[in-house]
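Student: Shown below is the structure under consideration.
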């Protein structure tokens, strides 16, 4: 069964950025995660043990977002590696990390990155 679990629009106040001001003042970030996994067993059993618990994914992302980093690429990569390490059912992960109202000298709603990786 082709299936995905996703968490969209997770919001965090974090201290990521290249400039000292960004790392000192912080900013609002939005994170979307899509995890490809086989949900066929859970679709028949109605048992949380047969799927990936959304709350556990949220906590993992929250922990990674609390670690200040210079690059969103690095944050996204850490999130992917953590998900693939912690959830053996995950076969492919896509992560989008967006910085709301970035300090780039002009009006921009948000900037961000999308990364994806498969289990090797």
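The values are calculated or read from the model by the stated rules, or taken from the named source; none is laboratory data. It should be emphasised that the depicted structure is a prediction, and the values quoted were computed from it without experimental measurement. Positions of Cβ are generated from backbone atoms using ideal geometry, with glycine treated the same way; all protein chains shown enter the neighbour counts.
Student: What do you reckon, is residue 39 free of Cβ contacts under 8 Å to residues at least 40 places away in the same chain, surrounded by 15 or more Cβ atoms within 10 Å (Cβ to Cβ), within 10 Å of the chain's Cα centre (by Cα) and farther than 18 Å from residue 101 by Cβ? I'd like the intermediate steps shown before the answer.
Tutor: Numbers: free of Cβ contacts under 8 Å to residues at least 40 places away in the same chain: yes; surrounded by 15 or more Cβ atoms within 10 Å (Cβ to Cβ): yes; within 10 Å of the chain's Cα centre (by Cα): no; farther than 18 Å from residue 101 by Cβ: yes.
Spelling it out, it is not the case that residue 39 is free of Cβ contacts under 8 Å to residues at least 40 places away in the same chain, surrounded by 15 or more Cβ atoms within 10 Å (Cβ to Cβ), within 10 Å of the chain's Cα centre (by Cα) and farther than 18 Å from residue 101 by Cβ.
Student: Return only the number of the condition from (1) surrounded by 15 or more Cβ atoms within 10 Å (Cβ to Cβ); (2) more than 19 Å from residue 118 (Cβ to Cβ); (3) out of contact with any helix residue (DSSP H, G or I) (no Cβ under 7 Å at 6 or more places or on another chain) that residue 94 does not satisfy.
Tutor: (2)
Student: Test of understanding: among 67, 35, which residue is touching a helix residue (DSSP H, G or I) at 6+ places or on another chain (Cβ under 8 Å) and either farther than 15 Å from residue 3 by Cβ or in a helix (DSSP H, G or I) (or both)?
Tutor: Working: 35 fails: either farther than 15 Å from residue 3 by Cβ or in a helix (DSSP H, G or I) (or both).
It is 67.
Student: Something else now. Which one of these is touching a helix residue (DSSP H, G or I) at 6+ places or on another chain (Cβ under 7 Å) and either free of Cβ contacts under 8 Å to residues at least 24 places away in the same chain or under 15 Å from residue 94 (Cβ atoms) (or both): 79, 52? Step through it out loud before you land on a result.
Tutor: Values: 52 fails: touching a helix residue (DSSP H, G or I) at 6+ places or on another chain (Cβ under 7 Å).
Testing whether each residue is touching a helix residue (DSSP H, G or I) at 6+ places or on another chain (Cβ under 7 Å) and either free of Cβ contacts under 8 Å to residues at least 24 places away in the same chain or under 15 Å from residue 94 (Cβ atoms) (or both) leaves just 79.
Student: Restricting attention to segment 88-120, report how many residues are touching a strand residue (DSSP E or B) at 6+ places or on another chain (Cβ under 7 Å), in a loop (DSSP other than H, G, I, E, B) and either closer than 27 Å to residue 40 by Cα or modelled with pLDDT of 95 or more (or both).
Tutor: 2
Student: Could you tell me which of the residues 11, 24 is at pLDDT below 95, outside any loop (DSSP other than H, G, I, E, B) and surrounded by fewer than 16 Cβ atoms within 10 Å (Cβ to Cβ)? Spell out how you get there, then give the answer.
Tutor: Working: 11 fails: at pLDDT below 95.
On inspection, the qualifying residue turns out to be 24.
Student: Checking residue 111 against (1) surrounded by 13 or more Cβ atoms within 10 Å (Cβ to Cβ); (2) touching a residue at least 40 places away in the same chain (Cβ under 8 Å), only one condition comes out false. Which one?
Tutor: (2)
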